[in-house]
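Worksheet for the structure shown next.
The values are calculated or read from the model by the stated rules, or taken from the named source; none is laboratory data. Values in this document were obtained by computation on a predicted structure and should not be read as measured data. Please note: Cβ atoms are built from the backbone with ideal geometry, for glycine as well, and neighbour counts cover all protein chains shown. For accessibility, only protein heavy atoms count, side chains too; no ligands or nucleic acids. Shrake-Rupley method; radii C 1.70, N 1.55, O 1.52, S 1.80 Å.
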Amino acid sequence: MGMSLVVISIGWGLLAGYLLLRGTDSVIGLLFCLHGLFDRRWKKLADKNATGLIRPQLILKLALRLGIYAAICAFLLESGQSFVQREYRFSHAGLPGNLFGVAATVAILTLLLTSLRRLKLVWRMAHEFDFAERRERTRLLKR
């Protein structure tokens, strides 16, 4: 095993861990958006004059963005894995596999708090009335 395989194992492990975490939190965020849409629908069915409901366009826009991001992460993870296996004959057995696993775990644990904050933000945007609108207005004013 050469030094290049060690560097590739660690580098691909870091990148794969990041892509796996971001793909997973995008899928979870997408589930939050679907829950927000169903929650809104049930409130509307229960009370025709329900106030304080989030516009479904905002939730759908967020869900579309998260779905595209999850698909991109999955595509990059799959194509990167096939590239590393094809070009460098990388396998997950032995020391290269262990280095890959440790690097991926380090990447995931390092970025886990950021991911949880992002999921909390997605939950608030999909479930808290007027949160997404205020956030959008603030973002537009900062430009």
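Restricting to segment 92-126, and then to whatever is among the polar types (S, T, N, Q), open to solvent by 60 Å² or more (accessible area, probe 1.4 Å) and without any contact (Cβ under 8 Å) to a residue 40 or more places away in the chain, can you tell me which residue is nearest to residue 69 (Cα to Cα)?
Once the filter is applied, the top-ranked residue is 110.
Answer with yes or no whether residue 140 is among the hydrophobic types (A, V, I, L, M, F, W, C), within 29 Å of residue 77 (Cβ to Cβ), open to solvent by 90 Å² or more (accessible area, probe 1.4 Å) and assigned to a helix (DSSP H, G or I).
no
Identify, by number, the condition in (1) over 17 Å from residue 23 (Cα atoms); (2) in contact with a Lys or Arg (Cβ under 8 Å, 6 or more places away or on another chain) that residue 96 doesn't meet.
Of the numbered conditions (1) over 17 Å from residue 23 (Cα atoms); (2) in contact with a Lys or Arg (Cβ under 8 Å, 6 or more places away or on another chain), the odd one out for residue 96 is (2).
Just a yes or no: is a residue in segment 13-26 in a helix (DSSP H, G or I), closer than 18 Å to residue 125 by Cα, open to solvent by 80 Å² or more (accessible area, probe 1.4 Å) and at pLDDT 85 or above?
no
Please go through (1) at pLDDT below 90; (2) surrounded by 14 or more Cβ atoms within 10 Å (Cβ to Cβ); (3) not hydrophobic (A, V, I, L, M, F, W, C) for residue 87 and return the number of the only condition it doesn't satisfy.
(2)
What number of residues in segment 86-143 are more than 23 Å from the chain's Cα centre (by Cα) and among the polar types (S, T, N, Q)?
Adding up the residues that qualify gives 3.
For every residue, the table says whether it meets (1) charged (D, E, K, R); (2) open to solvent by 50 Å² or more (accessible area, probe 1.4 Å); (3) touching an Asp or Glu at 6+ places or on another chain (Cβ under 9 Å); (4) at pLDDT below 95.
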residue: 37; (1), (2), (3), (4): no, no, no, yes
residue: 48; (1), (2), (3), (4): yes, yes, no, yes
residue: 55; (1), (2), (3), (4): yes, yes, yes, yes
residue: 63; (1), (2), (3), (4): no, no, no, yes
residue: 75; (1), (2), (3), (4): no, yes, no, no
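Is it fair to say residue 89 is charged (D, E, K, R) and on the phi < 0 side of the Ramachandran plot?
Taking the combined requirement at face value, the residue does not satisfy it.
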